[in-house]
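Heads up, the thing below is written out as structure tokens.
Please treat every number below as a calculation from the coordinates, not as lab data. These numbers come from a predicted model, not from an experiment. Methodologically, a virtual Cβ is constructed for each residue, glycine included, from the backbone with ideal geometry; neighbour enumeration extends over all protein chains shown.
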Amino acid sequence: MILVTGATGNVGRHVVRLLAEQGIATRVLARDPEKAAGLGAAEVVLGDLAEPGTLGPALEGVDAVYLFPVPGSGPAFVAAAEAAGVARVVMLSSDAVADDVAEQANPIAGYHAEIEAAVRGSALEWTLLRSGHMATNALPWAGQTKAGGVVRGPYAEATSAPVHEADVAEVAVVALTDEGHAGRVYRLTGPESLTAAEQVELIGKAVGRPLAYEELPADVAREQMSRFIPPFIIGTLFEGWARSVGVPALVSSDVETVTGRPARAFDEWARDRAADFA
């Protein structure tokens, strides 16, 4: 039995689907079981990583866990998993985490590193998936693409190597079900470095009409985005975008190493999600 946390998220729903397609018994931990009912898992149980008291029943009879990190949940999850006799955990982390530093560079890296440390220090066989920029980060542009032909935002030339959520899920399922991945740290990216402007252009091709990126002054964009994004995330995002301008994003081959096929390109992701932008 494999327990999937974060199953209603962009990656988690693919993990559940892939396990179901392989006929592997799957249980989903969900704060809202009704929301998770249509994912295809054999079982859906009420629970929350932020509420340790719910973890014991959810982990009963579980061999492996796909762990979507919830800030501060690492030690309680590890204790519950060890008590339940879980053998393996595959954790979705962030490539913002830096090894061998006394303090992480930003809060996002910080909370992922704390959970990584709990998992690494456990008796579980662990695998860490340090995901880079997720292609789904482009989804907030959808409101603008539906309303017209221009996406307005900061740093048109900021670079990233967007990774398809299905690729992250496929790596997770291999690590959950195959041997040879214990103690490994995989950095997951897409196959190419793209600017924000190039991503918008590719989305335009996917929806069948031209789209352009119009750069806003950073202070204007920051003020607009601060209305719906927490300040600590805003600061991290803007610092990262500014540093990346003119610098090609790192591209990793770890998706291919684990799955045996190249990572999906962003234009494929754009076609897969074209309905979201049309």
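For L3, the conditions (1) within 20 Å of the chain's Cα centre (by Cα); (2) crowded, with 20+ Cβ neighbours inside 10 Å; (3) without any contact (Cβ under 8 Å) to a residue 60 or more places away in the chain are fulfilled apart from (3).
Every condition in (1) closer than 14 Å to H133 by Cβ; (2) in contact with a strand residue (DSSP E or B) (Cβ under 9 Å, 6 or more places away or on another chain); (3) not hydroxyl-bearing (S, T, Y) holds for I203 except the one numbered (1).
Each residue in the stretch 59-68 was checked for being surrounded by fewer than 23 Cβ atoms within 10 Å (Cβ to Cβ) and without any contact (Cβ under 8 Å) to a residue 60 or more places away in the chain, and 1 pass. When the stretch 19-39 is filtered for residues that are buried (at least 20 other Cβ atoms within 10 Å of the Cβ) and in contact (Cβ under 8 Å) with a residue 40 or more places away in the chain, only L19 remains. Tally the residues that are surrounded by fewer than 20 Cβ atoms within 10 Å (Cβ to Cβ) and either within 26 Å of E179 (Cα to Cα) or of a type in the set (D, E, K, R) (or both), restricting the search to the stretch 99-112. The total comes to 3.
Here the stretch 69-98 is the region considered, the condition is being polar (S, T, N, Q) and in contact with a helix residue (DSSP H, G or I) (Cβ under 6 Å, 6 or more places away or on another chain), and the residue that is surrounded by the fewest Cβ atoms within 10 Å (Cβ to Cβ) is S94. Tell me which residues, restricted to the stretch 179-211, are basic (K, R) and crowded, with 18+ Cβ neighbours inside 10 Å. Hit for the stretch 179-211 is R187, nothing else.
Restricting attention to the stretch 265-278, the residues being assigned to a helix (DSSP H, G or I) and within 18 Å of the chain's Cα centre (by Cα) number 5. For the stretch 202-261, a residue qualifies if it is among the hydroxyl-bearing types (S, T, Y) and within 18 Å of the chain's Cα centre (by Cα), and the qualifying residues are T236, S252, S253, T259. Residues in the stretch 150-167: is at least one without any contact (Cβ under 8 Å) to a residue 60 or more places away in the chain, surrounded by 19 or more Cβ atoms within 10 Å (Cβ to Cβ) and either among the hydroxyl-bearing types (S, T, Y) or assigned to a helix (DSSP H, G or I) (or both)? Scanning the stretch 150-167 turns up no residue that is without any contact (Cβ under 8 Å) to a residue 60 or more places away in the chain, surrounded by 19 or more Cβ atoms within 10 Å (Cβ to Cβ) and either among the hydroxyl-bearing types (S, T, Y) or assigned to a helix (DSSP H, G or I) (or both). The residue list E60, E82, E43 contains one member that is closer than 22 Å to V11 by Cα and of a type in the set (D, E, K, R), which is E43.
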